[in-house]
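Report on the following structure.
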Amino acid sequence: MTVKHVDRRTTWAGQWWRHAILILVTCAALYPVLWVVKMALTPGDSFDLSANPLPSQVSFENFTDLVGSTDMQGRKLFWYWVRNSVIVSLATTVVGIVLSCSAAYAFSRFTFPGKKAGMGALLVTQMFPGVVMAIPLYILMDAAGLLNSLTGLTLCYATTAIPFCVWMLKGYFDTIPKELEEAAIMDGASRWMIFTRIVLPLSRPAIAVTALFSFMTAWNEFILAATFMADETSYTLPVALQRYVGDYSTQWGAFAAGAILVSVPVMALFFALQKNLVEGLTAGGVKG
Amino acid sequence: MPVRLPIASYLAALCIATACVGGPALAAADEPDPSRVLLWHSYRGGEREALEQVVRRLHAANSDVTVDLLAVPNEAFRQRLTAAIPRGNGPDLFIAPHESVGEWSRNHLLEAMPYPADLPEAAFLASSRDALTFDGQLWAVPLSFKSLALFINRGLVKQTPGTVEELVALGRAAGEVPLAYEAGNFYHHAAVMHAFGVRLFGEDGSIQIDTAEMADSLAFAGRLVGDGSVPPESDGALVSNLFNSGTAPFVINGPWFLGEIRDEIDFAVEPLPTVAATGQPLQPFLTVEALYLAAQRRASTEAVHAVVRAIAGLEGSLLRARVGRQTVPLIAAGADPVIADDPVLSAFVAQGAQAVATPNRPEMGAIWEPMNRALRRALRGSDARKAVVEAQQEVSFYLRPPPEEAAPGPYLALLGLLLLGATGWSLRSLKRNEVVSRLPSAIPAYLYLLPAALGMTLVVFLPFLAGAAVSLFAHVGGEFTFVGLRNFGRILSSSEYGVTHPLSFWFTLVVTVAWTLANVVLHVSIGLGLALLLRDPWMKLKGVYRVLLIVPWAVPNYITALIWKGMFNRQFGAVNAFLDLFGVEPISWFSNFFTSFAANVATNTWLGFPFMMVVTLGALQAIPRDLIEAAEVDGANAWQRFRHVTLPLLKPALLPAVILGSVWTFNMFNIIYLVSAGEPDGSTEILISEAYKWAFTRQAQYGYASAYALLIFGILWLWGLLTQRVTGAEA
């Protein structure tokens, strides 16, 4: 036999059933999102009710409604909201990463009394139902003078994101061979240098995931922002979006348009980071 | 100096972060300026425009007063009022509907509005003043009144029907759906209810739900739905769609609907018709929007009066009528051509005279949920008589007196003992593990942990402890009384309802566990399946699939959940349209526990599988290919390779994700709230959504809600311990 053996699995014909399944699932995954797009592109709230997720008429009216919002002084509110959202989300990302990386490093590399309890405590915070915390948190922020400040929001968001980030980063740090560090110590490097020069650069994928997660936490939240901020120019984008949901009726088109504007940056980040995402989340418990 | 460095860097990082954030942080209201009036509202569109114009005029005419407007989203409005006003962070004035006047005045959030001498109480319609009167006191200034009315597509129907029966006959001839209104919403049903002579509260304040008239009204609505005159599941979006597409020639809706009607539709607004059986007209609920004066205001009475005159006076009222399309209760404005010559506004005025103000008693808050349930039950064709009996029972369940006050003495003693025991225990374990001697070497570790620990303590643990302490109290009308563990006793004994009743803790617990289990199983199996399909390097287009499959994760779930709810609509939803292709009869997803539960699970599965897929993809990449190839060479088939090689190697990566995912799903409030909303009969609620209801819609029973939340916490904690044991044993 001189015919070169071709692995059937690598050809279209060999993998057609996989594509059939994937195409089906992808359609199901995208269908509701296409509806959001359809609602956003249809002027007013007059989108037709059919199973067809493609808009029958296209207009950007709903987008301009949100983008063109002004207050009494004629200020372009949309840009204030974007600015606030960007500032809070970036600050949350920075603070979240700094706090989570150092805490995760401690959990990964040191033995100290209370280590197990500490990791447990992090998981436990994920179990706190928000319903009991809203009003005490308000009182606390008030007492600390952090109401109506983006700093207060940042603090709240960053701490919300910490537990997940620490869990994941710790798992990733655990996969980095200790031998590297031992060698560095022999060369006279301090713990801090090892942390910043060796561990952190090696953990880029996990840090990317942490960043994305912290960013999303801050970017999508609206209840705290709507409760804490005292000026329309200090709202964030999701707060502005919620105005379209009224007591009696919801302005669907504008709401959907806003939701798209809100999700575009997140999606861009997802796509930019998707390689890292896969590697970073490997973390979990794969130990070496 | 290994120790000083991290601290310095943190401080630097924090300072940088704070500095970029601190810039726009606004100076807190330092010294109160009595001529500045802060006004909160949740208006949008034309109403907002009108309010801003009024304020601009005031600023132009009166330089002594400055009004600061703040639009707070409706969703956060009430919570913000209750949190802010008692702490002096509230507004001076706020605009809100009248229904909560009883609750707010009892909770000391309001100061009775002093009317300006030149704009006396008598200047406003008596009905609107009555709505704002509670405990014999007129609390606020009425600004506008809103009620449902009849919208007619004049392109389809020329006549104005006098009775509902006539309307249905006309509608049947003119369109596919004779009449569209939100039949399953008690606010909308109230119009029918009043036509049957029901009044929710007796003269003595007793609640009258369990009556023959109420049952008749429910049965009447049930017949309208049953014979196809009215669509069974309709929300605002569906109603406006049916009207705009010419499918429904008649719609019952409120003034907010005006903005949703397409420009090219020729329509008219008329007062609601009469129910032939009772001879009474449909009388909708009347909502009066009013300007309230907040307790702890900082603005002077003169400044407040200036604002009241500007907004509620003749000029302001006419402007709001013209620009904001509001129906204003100022008597002097009624005769003005702006209103009198406007067919739409005058129709709403006429309807307002034939409406019943929504009761403003605090007890009203406990009625909505049971009545909505009873109504939907009747629409599904159940016995209306039985439905009202149960609704009455549920209302008295929500309004039952709080547990008796408990003496704090024994609890304090118990707490002391516990603290003592805990201290002793930790001292002992400290000694046993030689913690003290190990401490010095552990200092660097603590320094690395310090910033995160501080933040978590401040923002997470302290509020949680404070919130948890509330579970020992009962909250009634702004007063907290110490009741010890009796809230827990009530929940766990579920003495009011048997354990198999949807309102009992145990029933909800079972549903919650089933919900979590179903979701986690589906998330993991779909995520794993997709990851396996996408794993192989020779798979074509895998990058494209991966990108597209992540999309559900990236779009905010508060909007996609609502889309899913729409997809499960019986008549117009995509799911039924799809099933129709296979000849499946349309399913009423939310009228049966299993289908409703399935709808929730489907939505959450859609939201959650990308996370699991990405986690699994990552974990798969860490598995050496040669291992699998070796198994292949040994003759293991695909299933055996997966079962004995891949799966065991995936486990350590998947377990933490599964644990975390199960905790998140257990508390996944949004989906339940937005998709099934507990339908049918509250049976698809999960524990967290019940806790929310106790806190926010059932008479603000914070203590009870907090006890619920603590129980949730306890259950998850046990779950965490269990999984820790399992993973610990394997690691």
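Pull up the stretch B:56-74, narrow it to residues that are in a helix (DSSP H, G or I) and touching an Asp or Glu at 6+ places or on another chain (Cβ under 9 Å), then point me to the one that is modelled with the lowest pLDDT.
It comes out as B:N74.
I'd like the full set of residues that are touching a residue at least 60 places away in the same chain (Cβ under 8 Å) and surrounded by fewer than 19 Cβ atoms within 10 Å (Cβ to Cβ), limited to the stretch B:83-93.
Hits for the stretch B:83-93 are B:P86, B:G88.
Do you know which residues across the stretch A:108-146 are of a type in the set (S, T, Y), surrounded by fewer than 22 Cβ atoms within 10 Å (Cβ to Cβ) and facing chain B (nearest Cβ under 7 Å)?
Answer for the stretch A:108-146, where residues must be of a type in the set (S, T, Y), surrounded by fewer than 22 Cβ atoms within 10 Å (Cβ to Cβ) and facing chain B (nearest Cβ under 7 Å): just A:T125.
Within the stretch B:117-136, is even one residue within 26 Å of A:L241 (Cβ to Cβ) and among the hydrophobic types (A, V, I, L, M, F, W, C)?
The first filter runs over the stretch B:117-136 and keeps only residues within 26 Å of A:L241 (Cβ to Cβ), leaving none.
No, there is no match, as no residue in the stretch B:117-136 is within 26 Å of A:L241 (Cβ to Cβ) and among the hydrophobic types (A, V, I, L, M, F, W, C).
Tell me which of these B:W538 doesn't satisfy, since it passes every other one: (1) within 32 Å of the chain's Cα centre (by Cα); (2) facing chain A (nearest Cβ under 7 Å).
Of everything listed in (1) within 32 Å of the chain's Cα centre (by Cα); (2) facing chain A (nearest Cβ under 7 Å), B:W538 misses just condition (1).
Just checking, which of B:F572, B:F611, B:F582 is under 25 Å from the mean Cα position of the chain (by Cα) and either under 29 Å from B:G682 (Cβ atoms) or at pLDDT 85 or above (or both)?
So the residue among B:F572, B:F611, B:F582 that is under 25 Å from the mean Cα position of the chain (by Cα) and either under 29 Å from B:G682 (Cβ atoms) or at pLDDT 85 or above (or both) is B:F572.
Could you tell me which of the residues B:A149, B:A126 is small (G, A, S) and buried (at least 18 other Cβ atoms within 10 Å of the Cβ)?
Result: B:A149 is the single residue among B:A149, B:A126 that is small (G, A, S) and buried (at least 18 other Cβ atoms within 10 Å of the Cβ).
Go over the candidates B:A123, B:A174, B:A140, B:A195 one by one and state the one that is under 30 Å from B:K386 (Cα atoms), in contact (Cβ under 8 Å) with a residue 12 or more places away in the chain and small (G, A, S). Let's see the steps before the verdict.
Values: B:A123 fails: under 30 Å from B:K386 (Cα atoms); B:A174 fails: under 30 Å from B:K386 (Cα atoms); B:A140 fails: under 30 Å from B:K386 (Cα atoms).
Sole residue among the options that is under 30 Å from B:K386 (Cα atoms), in contact (Cβ under 8 Å) with a residue 12 or more places away in the chain and small (G, A, S): B:A195.
What's the number of the condition A:Y105 fails, among (1) touching a residue at least 60 places away in the same chain (Cβ under 8 Å); (2) under 21 Å from the mean Cα position of the chain (by Cα); (3) at the interface with chain B (Cβ under 7 Å from one of its Cβ atoms)?
In the conditions (1) touching a residue at least 60 places away in the same chain (Cβ under 8 Å); (2) under 21 Å from the mean Cα position of the chain (by Cα); (3) at the interface with chain B (Cβ under 7 Å from one of its Cβ atoms), A:Y105 misses (2) alone.
Exactly one of these conditions fails for B:L465: (1) touching a strand residue (DSSP E or B) at 6+ places or on another chain (Cβ under 7 Å); (2) surrounded by fewer than 17 Cβ atoms within 10 Å (Cβ to Cβ); (3) under 22 Å from A:P129 (Cα atoms). Give me its number.
Here B:L465 clears every test but (1).
Kindly state which helices (runs of 4 or more DSSP H) lie completely within the stretch B:618-731 and contain at least 3 residues that are surrounded by fewer than 23 Cβ atoms within 10 Å (Cβ to Cβ) and among the small types (G, A, S).
B:702-730
Among the residues of the stretch A:1-59, what is the count of those that are at pLDDT 75 or above, outside any helix (DSSP H, G or I) and at the interface with chain B (Cβ under 7 Å from one of its Cβ atoms)?
So the count comes out to 0.
Taking B:A474 as meeting all but one of (1) away from chain A (no Cβ under 14 Å); (2) crowded, with 21+ Cβ neighbours inside 10 Å; (3) in a helix (DSSP H, G or I), write down the number of the exception.
(3)
Name the residue, out of B:Y398, B:Y411, that is of a type in the set (F, W, Y) and surrounded by 18 or more Cβ atoms within 10 Å (Cβ to Cβ).
None of the other options fit; the residue is B:Y398.
List, please: which pairs have Cβ atoms under 8 Å, are six or more places apart or on different chains, and start with a residue in the stretch B:672-683 that is assigned by TED's automatic domain parsing to the domain that holds B:N569 and under 12 Å from B:W589 (Cα atoms) and end with one that is hydrophobic (A, V, I, L, M, F, W, C) and in a loop (DSSP other than H, G, I, E, B)?
Here the result reads B:V675/B:F568, each pair linking the stretch B:672-683 to a residue that is hydrophobic (A, V, I, L, M, F, W, C) and in a loop (DSSP other than H, G, I, E, B).
Going through the stretch B:308-338 one residue at a time, which ones are hydrophobic (A, V, I, L, M, F, W, C) and under 32 Å from the mean Cα position of the chain (by Cα)?
B:V308, B:I311, B:A312, B:A321, B:V323, B:V328
Restricting attention to the stretch A:230-264, report how many residues are without any contact (Cβ under 8 Å) to a residue 12 or more places away in the chain and at the interface with chain B (Cβ under 8 Å from one of its Cβ atoms).
8
Looking only at residues in the stretch B:335-383 that are free of Cβ contacts under 8 Å to residues at least 24 places away in the same chain and assigned to a helix (DSSP H, G or I), which one is nearest to B:N592 (Cα to Cα)?
Filtering first and then ranking leaves B:V349.
With the requirement that a residue be within 7 Å of chain A (Cβ to nearest Cβ) and not charged (D, E, K, R), what does the stretch B:54-85 give you?
Within the stretch B:54-85, B:V55, B:L69, B:L70, B:A71, B:V72, B:P73, B:N74, B:A76, B:Q79, B:A83 meet the criteria.
The values are calculated or read from the model by the stated rules, or taken from the named source; none is laboratory data. Values in this document were obtained by computation on a predicted structure and should not be read as measured data. Here Cβ is always computed from backbone atoms with ideal geometry, including for glycine, and neighbour counts include all displayed protein chains.
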